[in-house]
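Input: a single structure, listed below in structure tokens.
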């Protein structure tokens, strides 16, 4: 007779979940023991934030959920930052959280906590299973909700006695609600807005940023003259030669305002109207231009691609050829190494069908420009803004992508949030090349310190953003976890290291020592330049924006 843990695992398999990222403790030992009798792929991680981020990356590439196995409320709490990012990415994900045995909770043991309250921060569906007999049906419901058209995070909490209890019986997958179509009036309204002749921008998000959606969006653009943009941090963006190009909204609000200036209509497709990441004294939060009408099209519950196809037909654009990005591969750089040259080398050497996990922060600001015409690839980004996502994303994406090479560009400060990822990359022998853009500072915060008007920074303030003493040695960190690694201080060294990493599948790390992109006088001038963008002629403002952030 099966116990509850075995019934749970069999049910997850029946529901299509075959990968679980685990960081278990005592309450999950029956789940761990039952793994040997199932086809579940269990991937051990050394920190819960790696598990949640990896499950996010898996879903972005596989298009279906993975599971996490975490220990009690503390374990779930450690995974919250990347669960927040996954929620903003709108990906399906199922958390399995072990709890104390039901009769043990009355004693308020050292690890006792309110797991449901913690889970509700990031989960739309939360349930604590009460009995062994309920585990399978609860698990099937959790997967069905996660797999729904609006792709949700669900959390199933399992008391230990429900897992070890006998009498569990697996169940089959529950039906998933069909995504709905937009009503005809909504489609006609959007089509009319696109064809009225006013200056119009289309902002694309989430499910319409793979090749099929981009081709249809390009047909609309070519037919109507509307400009294509996408979210500042897309969940998954297919790009490169042979794919329609779409311009990302800039992170810096002042630059985003330049991009959107003058538009009278804003068609938002599977996304939301752009807002500033943070509030700044005297600056607006909404980035929608004045006198601009916003049309929101496609809700999370609707079928994104079918509705976009209906809009193409309503706009009589189905026979229009999409505009495809031409191949444009830069030459390899030379000389002293900078963040810009790292981006140039990545574009020059990027293999076909790669996955790029980008959390390079300020050092990678030129990446989009250099890789626009590179071989076709998928770009994964920091959807929720909570750093420490890039390395875990690479793990999940690599496992879901199977033989696809993965390049992870990570800032040094970001890398330290989930540095344990390197161990899992080696343990699973994943074809991931990690590039650390090591400028030895929280450079993005140096920019923000200037932008928010907090006053002149003294030595104590500056020390909070400085990573120079002691310097982080990522080569030694990587080697300590079994990963092949080398340092690069010149473009030639970096080019050679990246060529070797790409030609030899498996785990590699390159510690690229680069200066901060914004420092000294350039850093001092930047806030004043950004503040002036709104008052100078638009063509000049756009040229400045393209120069700083192409």
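The values are calculated or read from the model by the stated rules, or taken from the named source; none is laboratory data. The shown structure was predicted, so the numbers you read here are calculated from the model rather than taken from an experiment. Positions of Cβ are generated from backbone atoms using ideal geometry, with glycine treated the same way; all protein chains shown enter the neighbour counts.
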For this session: Being in contact (Cβ under 8 Å) with a residue 60 or more places away in the chain and either under 25 Å from the mean Cα position of the chain (by Cα) or part of a helix (DSSP H, G or I) (or both) narrows it down to one of 525, 444, so name that one.
Result: 444
Problem set entry | First in segment 393-410 and crowded, with 24+ Cβ neighbours inside 10 Å, second anywhere and part of a loop (DSSP other than H, G, I, E, B), Cβ under 6 Å, 6 or more apart | 398/430; 409/360
Exercise. Considering only segment 243-286, how many residues are in a loop (DSSP other than H, G, I, E, B) and in contact with a strand residue (DSSP E or B) (Cβ under 6 Å, 6 or more places away or on another chain)?
Worked result: 6
Exercise. Out of curiosity, is residue 43 out of contact with any strand residue (DSSP E or B) (no Cβ under 7 Å at 6 or more places or on another chain), within 19 Å of residue 399 (Cα to Cα) and not assigned by TED's automatic domain parsing to the domain that holds residue 399?
Worked result: no
For this session: Return the pairs, sorted by first residue and then second, in which the second residue is part of a loop (DSSP other than H, G, I, E, B) and at pLDDT 95 or above, the first residue lies in segment 29-40 and is over 16 Å from residue 68 (Cβ atoms), the beta carbons are less than 7 Å apart, and the residues are 6+ apart or on different chains.
Result: 39/18
Problem set entry | Complete set of residues in segment 48-103 that are in a loop (DSSP other than H, G, I, E, B) and surrounded by fewer than 24 Cβ atoms within 10 Å (Cβ to Cβ) | 63, 64, 90, 100, 101, 102, 103
Exercise. For segment 524-550, which residues satisfy the criterion of being closer than 20 Å to residue 341 by Cβ and touching a helix residue (DSSP H, G or I) at 6+ places or on another chain (Cβ under 9 Å)?
Worked result: 546, 548, 549, 550
Exercise. Within segment 319-332, is even one residue more than 23 Å from residue 415 (Cβ to Cβ), touching a residue at least 40 places away in the same chain (Cβ under 8 Å) and surrounded by 24 or more Cβ atoms within 10 Å (Cβ to Cβ)?
Worked result: no
Exercise. Name the residues in segment 256-276 that are closer than 19 Å to residue 206 by Cβ and crowded, with 16+ Cβ neighbours inside 10 Å, would you?
Worked result: 256, 266, 267, 268, 269, 270, 271, 274
Exercise. Of all helices (runs of 4 or more DSSP H) completely enclosed by segment 346-417, which ones contain at least 1 residues that are within 15 Å of the chain's Cα centre (by Cα)?
Worked result: 390-401, 412-415
Problem set entry | strands (runs of 3 or more DSSP E) within segment 126-233 that include 1 or more residues over 25 Å from the mean Cα position of the chain (by Cα) and in contact (Cβ under 8 Å) with a residue 12 or more places away in the chain | 153-159, 200-204
Exercise. Restricting attention to segment 289-317, which residues are over 12 Å from residue 268 (Cα atoms) and assigned to a loop (DSSP other than H, G, I, E, B)?
Worked result: 289, 290, 291, 292, 300, 301, 303, 315, 316, 317
Exercise. What residue, of 337, 308, is farther than 20 Å from residue 502 by Cα, surrounded by 18 or more Cβ atoms within 10 Å (Cβ to Cβ) and in contact with a helix residue (DSSP H, G or I) (Cβ under 7 Å, 6 or more places away or on another chain)?
Worked result: 308
Exercise. Mind checking whether some residue in segment 8-15 is free of Cβ contacts under 8 Å to residues at least 60 places away in the same chain, closer than 30 Å to residue 359 by Cβ and either surrounded by fewer than 20 Cβ atoms within 10 Å (Cβ to Cβ) or within 25 Å of the chain's Cα centre (by Cα) (or both)?
Worked result: no
